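Presented below is the structure to which this report refers.
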Amino acid sequence: MNVFRLLADLMHLASIFILLLKIQNSKSCVGISFKTQMLYTIVFMTRYLDLTFHFISLYNTCMKIFFIASSVYILYLMRVKYKASYDPGLDTFRFEYLLGFAMLLGVAFSYDYTPVEVLWSFSIWLESVAIMPQLYMLQQTGEAETITTHYLFALGAYRALYLVNWVYRYVMEGHTDWIAWVAGLIQTALYSDFFYLYYTKVLHGKKLELAGG
């Protein structure tokens with residue numbers, strides 16, 4: 001654990017709390033992609049299979065349980081409690097392609113060909129592109145609520161901070177993990193245009209509007 005990973009974890013937690021706050025306060029899922037949230041649930045459930053047989057620390061275990069539980073709860077809110085506010089006609093990205101992409105790379109690139117390791121690799125690749133349905137949805141609608149953009153910024157910042165964490169670990173510990181590095185770069189690149197718009201619009205008190213709406 002180092003300060004960059006800790007900050008990344010805190011930003012990840014912040015993104016989830018921001019999303020839950022948005023849904024609970026507005027009693028609505030407008031502007032949120034169910035497909036992205038479903039993909040994140042798959043990511044957590046396939047990555048944290050080691051919860052059942054490998055203990056690292058109380059912090060690690062609590063974080064894993066929280067991410068799984070919160071992602072399932074968000075799906076419940078979107079699919080059951082506030083189902084009427086969700087418009088599938090706006091959430092049209094073909095997420096099957098993302099699952100296929102992650103499955104292919106998860107099998108092709110894995111450090112060890114055991115079910116747990118292959119699923120871990122699959123989860124890393126899937127996380128790198130899981131945000132695409134949400135970004136596509138924002139592009140289709142043409143604008144986003146401020147709190148939704150805060151959620152996306154926190155999620156993107158979490159990934160960017162993890163990149164810094166990996167650089168730190170490589171320099172200080174000689175640690176390498178090229179699968180996570182490449183996937184993390186892909187994920188951060190997907191946020192690049194959003195980061196620019198967030199800085200120029202939202203932080204200056206303007207409503208975020210995206211091309212294509």
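The values are calculated or read from the model by the stated rules, or taken from the named source; none is laboratory data. Remember, it's a predicted structure, so these values are computed and weren't measured experimentally. Quick reminder, even Gly has a Cβ in these numbers, built from the backbone with ideal geometry, and neighbours come from all protein chains shown. We work out accessible area using only protein heavy atoms, side chains counted, and drop any ligands, DNA or RNA first. Shrake-Rupley method; radii C 1.70, N 1.55, O 1.52, S 1.80 Å.
Six or more apart or on different chains, Cβ atoms under 7 Å: show the pairs whose first residue is in region 1-19 and over 19 Å from MET78 (Cβ atoms) and whose second is of a type in the set (S, T, N, Q).
ASN2/ASN165; PHE4/ASN165; ARG5/ASN165; ALA8/ASN165
Applying the selection to region 165-181, what residues are open to solvent by 60 Å² or more (accessible area, probe 1.4 Å) and in contact with a helix residue (DSSP H, G or I) (Cβ under 8 Å, 6 or more places away or on another chain)? Steps first, please.
Step one: of region 165-181, the residues open to solvent by 60 Å² or more (accessible area, probe 1.4 Å) are 167-173, 176, 178, 181.
Residues satisfying the conditions are TYR168, THR176, TRP181.
For residues that are of a type in the set (Phe, Trp, Tyr) and surrounded by 15 or more Cβ atoms within 10 Å (Cβ to Cβ), scanning just region 47-93, find the one that is farthest from LEU126 (Cα to Cα). Please lay out each step first, then the result.
Taking region 47-93 as the starting set, the residues that turn out to be of a type in the set (Phe, Trp, Tyr) are 48, 53, 55, 59, 66-67, 73, 76, 82, 86, 93.
Still in the list and also surrounded by 15 or more Cβ atoms within 10 Å (Cβ to Cβ): 48, 67, 73, 82, 86, 93.
Working: TYR48: 14, PHE67: 16, TYR73: 20, TYR82: 26, TYR86: 23, PHE93: 15 Å.
Per the criteria, the residue is TYR82.
Enumerate the pairs (first residue in region 69-96 and touching a residue at least 24 places away in the same chain (Cβ under 8 Å) and under 15 Å from LEU39 (Cβ atoms); second residue anywhere and part of a helix (DSSP H, G or I) and of a type in the set (D, E, K, R)) with beta-carbon separation below 8 Å, excluding pairs fewer than 6 apart on the same chain, so at least 6 apart or on different chains.
These pairs meet every condition: ASP91/LYS35; PHE93/LYS35; PHE95/LYS35.
Is at least one residue of region 192-208 closer than 30 Å to PHE53 by Cβ and either modelled with pLDDT under 80 or open to solvent by 60 Å² or more (accessible area, probe 1.4 Å) (or both)?
Quick first cut of region 192-208, residues closer than 30 Å to PHE53 by Cβ only: none.
No; the residues of region 192-208 include none that is closer than 30 Å to PHE53 by Cβ and either modelled with pLDDT under 80 or open to solvent by 60 Å² or more (accessible area, probe 1.4 Å) (or both).
If we keep just the residues of region 111-156 that are of a type in the set (Gly, Ala, Ser) and modelled with pLDDT of 90 or more, which is farthest from GLN37 (Cα to Cα)?
Only one residue tops the list, namely SER121.
Would you mind stating whether THR41 is at pLDDT 95 or above, touching a Phe, Trp or Tyr at 6+ places or on another chain (Cβ under 7 Å) and open to solvent by less than 70 Å² (accessible area, probe 1.4 Å)? First the steps, then the outcome.
On the way: at pLDDT 95 or above: yes; touching a Phe, Trp or Tyr at 6+ places or on another chain (Cβ under 7 Å): no; open to solvent by less than 70 Å² (accessible area, probe 1.4 Å): yes.
Answer is no for this residue.
Out of curiosity, is ALA189 within 18 Å of the chain's Cα centre (by Cα) and either surrounded by fewer than 17 Cβ atoms within 10 Å (Cβ to Cβ) or at pLDDT 85 or above (or both)? If you could, list the steps in order and put the result at the bottom.
Working: within 18 Å of the chain's Cα centre (by Cα): yes; either surrounded by fewer than 17 Cβ atoms within 10 Å (Cβ to Cβ) or at pLDDT 85 or above (or both): yes.
Against the criterion (within 18 Å of the chain's Cα centre (by Cα) and either surrounded by fewer than 17 Cβ atoms within 10 Å (Cβ to Cβ) or at pLDDT 85 or above (or both)), ALA189 qualifies.
Here is a yes/no grid of residues against (1) buried (at least 20 other Cβ atoms within 10 Å of the Cβ); (2) among the aliphatic types (A, V, I, L, M); (3) over 22 Å from ALA189 (Cβ atoms); (4) touching a His at 6+ places or on another chain (Cβ under 9 Å):
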site: ALA108; (1), (2), (3), (4): no, yes, no, no
site: ASP112; (1), (2), (3), (4): no, no, yes, no
site: VAL118; (1), (2), (3), (4): no, yes, yes, no
site: TRP125; (1), (2), (3), (4): yes, no, no, no
site: SER128; (1), (2), (3), (4): yes, no, no, no
site: PRO133; (1), (2), (3), (4): yes, no, no, no
site: GLN139; (1), (2), (3), (4): no, no, no, no
site: THR149; (1), (2), (3), (4): yes, no, no, no
site: PHE153; (1), (2), (3), (4): yes, no, no, no
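Is at least one residue of region 27-37 surrounded by fewer than 20 Cβ atoms within 10 Å (Cβ to Cβ), touching a His at 6+ places or on another chain (Cβ under 9 Å) and more than 25 Å from ALA102 (Cα to Cα)?
Scanning region 27-37, I find no residue that is surrounded by fewer than 20 Cβ atoms within 10 Å (Cβ to Cβ), touching a His at 6+ places or on another chain (Cβ under 9 Å) and more than 25 Å from ALA102 (Cα to Cα), so the answer is no.
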